[in-house]
Amino acid sequence: MSNVDMRVTLAGMTMKNPVVVASGTFGFGREYSQFFDLSELGGICAKGLTLLPREGNPAPRIAETPMGILNSVGLQNPGVDAFIAEELPFLRQYDVKVIANISGNTPEEYGVMCEKLAGAGVDMIEVNISCPNVKAGGLAYGTRPELAAEVTEMAKSHAGNVPVMVKLSPNVTDITEIARAVEAAGADAVSLINTIRGMRIDVNTRRPILKMNTGGLSGPAVLPVAVRMVWEVSQAVKVPVLGMGGVSKGEDAAQLMLAGASAVAVGTALFADPFAPIKVRDGLEAIAARQGLEAVSGLTGGVCPW
Amino acid sequence: MVLEAGDMVRTSFRAPGQFVHVKCGEGLLLRRPISVCTCHTDEPNDLVTIVFEVRGEGTDWLARRPVGHSLDVLGLAGNGFTMKPEGHYLLVGGGIGIPPMLGCAQYTQGKSTAILGGRSADKIILQNCFQDECAKVLTATDDGSLGHHGFVDALVRQELEGDQNYDAVLACGPRPMLRNVARVAEEFGVPCQVSMEERMGCGVGACLVCACDMADGSRKHVCKDGPVFDSREVNWDV
């Protein structure tokens, strides 16, 4: 197609291209493997795991909004042990980096999960301290720098050689404060943004659409917020950034990379188009080729601010 | 609306009761899940018929598509009703839950009984089609404007009392109707399958938003595990 080198490296993990699928939008890959070869992707952030299985929140769990969706799934998952036993072997059939995403109720739970996942040989661990849809842990860890640091330290000390990436919440006054705290605590990378808390109300019934009343906003509506936050964070820390939030085409991904991301994740766009990650990858390659870049990584941090 | 659907039926038909996931316009992110009414293999294109109600912006856009327009459709998705062509079924459809039952009726080649319910006579759609495909068609309306004055579960009771040979009750419609039909079927010891509805995201089982509470405390997903479930699996008390 072109001569652009699409490889990127994120905290020592080299991917064949910068496109990852975002946690919670891709399950454990089985469903979308009907549509395309998972080896086409740079990486897969698997559905968020907890130490024990969780059934998640009651339905309705989704509401459509202008150019976005709200969700309140609540970390439904089979638990870390079932992932290692049943899902990881499936993902390992493909030539793709596997990033496990974890959420804990306590720092100790993060530690236990990291130990199990590092032992099972995942390529990276994404520490979720920003889920807006669970009561314990979740967002509480992601909005207070000292707690975010504590969780990061715990994860790092149990993850062995597996790089730890911390997923940051946009639901804070200053995201760079949290980014600096997790970097100081040893994070190898940061990913952002998680969803933005939101709400939609049915004016006839006067009930919120979501059974949990509020949920997390994603989709094209959040892209400019993501670009701004990636830009701020990439100036505030030295660790690499995985950018995400509203990416549905190559140009969106290029914006996040120019803002400072080393790689990008595609999430909500999958629901409209199962082939979205492949189209984002091809669109990104076309942009890099058009701009005469030898490597797509040349986009990272290339924004020229006024 | 009839979709010329390439080899969709040849490659993904499992049973009546599946759905298609339709992209409705550019400005709306989510696809709309719509039950298949009937579908057939054909050359050069398989044919999929959908009957839907205009409920919002997406279905309004879809209803306005001119003949010959191309649509972006995922399908056939989900699991349909577990049934055999030679079976004897009591098919129950309520309101916009009526269309998928027609596919079930066709599948059993005229041997099934259909009970169609709605708020009023104008909500009982496709009655003539059911008459062509069923041994018997009964109707019920909330306001008594057509057939039995009341809910379909009274007719389900009447049928199960009169005929002990039904293999199963198959139902699609609003949740309260499904719950009542399931109760009657259970009372008579007749297996019952219900087609559930929930707000959906990906439509393929990855995003986990269309959760349905199960009797065992677990949450399954309408798009991938359903939309059809055994009525005894479902937790009706939520």
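The values are calculated or read from the model by the stated rules, or taken from the named source; none is laboratory data. It should be emphasised that the depicted structure is a prediction, and the values quoted were computed from it without experimental measurement. Cβ placement follows ideal geometry from the backbone for every residue including glycine, while neighbour counts extend to all protein chains displayed.
With respect to B:Arg32, determine if the residue is of a type in the set (Lys, Arg), farther than 19 Å from B:Leu62 by Cα and without any contact (Cβ under 8 Å) to a residue 40 or more places away in the chain.
It is false that B:Arg32 is of a type in the set (Lys, Arg), farther than 19 Å from B:Leu62 by Cα and without any contact (Cβ under 8 Å) to a residue 40 or more places away in the chain.
Of A:Asp95, A:Asp37, A:Asp81, which residue is of a type in the set (Asp, Glu), closer than 27 Å to A:Val239 by Cβ and at pLDDT 95 or above?
Testing whether each residue is of a type in the set (Asp, Glu), closer than 27 Å to A:Val239 by Cβ and at pLDDT 95 or above leaves just A:Asp95.
Conditions (1) surrounded by 21 or more Cβ atoms within 10 Å (Cβ to Cβ); (2) part of a helix (DSSP H, G or I), marked per residue:
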position	(1), (2)
A:Gly243	yes, no
A:Val247	yes, no
A:Asp252	yes, yes
A:Met257	yes, yes
A:Ala265	yes, no
A:Ile278	no, yes
A:Arg281	yes, yes
A:Ala289	no, yes
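Taking B:Leu29 as meeting all but one of (1) within 26 Å of B:Tyr89 (Cα to Cα); (2) within 14 Å of chain A (Cβ to nearest Cβ), write down the number of the exception.
(1)
Could you grab me the full set of residues in segment A:1-51 that are more than 26 Å from B:Cys202 (Cα to Cα) and either buried (at least 24 other Cβ atoms within 10 Å of the Cβ) or within 13 Å of the chain's Cα centre (by Cα) (or both)?
Listed by number, the residues that qualify are A:Val8, A:Leu10.
Against the definition (out of contact with any Phe, Trp or Tyr (no Cβ under 6 Å at 6 or more places or on another chain), touching a residue at least 12 places away in the same chain (Cβ under 8 Å), part of a helix (DSSP H, G or I) and buried (at least 24 other Cβ atoms within 10 Å of the Cβ)), how does B:Val156 come out, yes or no?
Yes.
Each row is one residue, and each column tells you yes or no for (1) outside any helix (DSSP H, G or I); (2) within 28 Å of A:Ala118 (Cβ to Cβ).
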{"position": "A:Ser169", "(1), (2)": "yes, yes"}
{"position": "A:Val172", "(1), (2)": "yes, no"}
{"position": "A:Glu183", "(1), (2)": "no, yes"}
{"position": "A:Ser191", "(1), (2)": "yes, yes"}
{"position": "A:Arg197", "(1), (2)": "yes, no"}
{"position": "A:Lys211", "(1), (2)": "yes, no"}
{"position": "A:Gly215", "(1), (2)": "yes, no"}
{"position": "A:Ala226", "(1), (2)": "no, no"}
{"position": "A:Ser234", "(1), (2)": "no, yes"}
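Just to verify a result, which residue in segment B:205-232, among those that are within 27 Å of A:Ala46 (Cβ to Cβ) and charged (D, E, K, R), is farthest from the other protein chains (Cβ to nearest Cβ)?
Result: B:Asp225.
Quick one: what pairs do we get from segment B:93-109, first residue closer than 14 Å to B:Cys129 by Cα, second among the polar types (S, T, N, Q) and surrounded by fewer than 24 Cβ atoms within 10 Å (Cβ to Cβ), C-beta under 6 Å, 6+ apart or different chains?
B:Leu102/B:Thr38; B:Gly103/B:Thr38; B:Gln106/B:Thr38
Which residues, taken from segment B:192-238, are in a loop (DSSP other than H, G, I, E, B) and under 14 Å from the mean Cα position of the chain (by Cα)?
Within segment B:192-238, B:Met196, B:Glu197, B:Glu198, B:Val222, B:Cys223, B:Gly226 meet the criteria.
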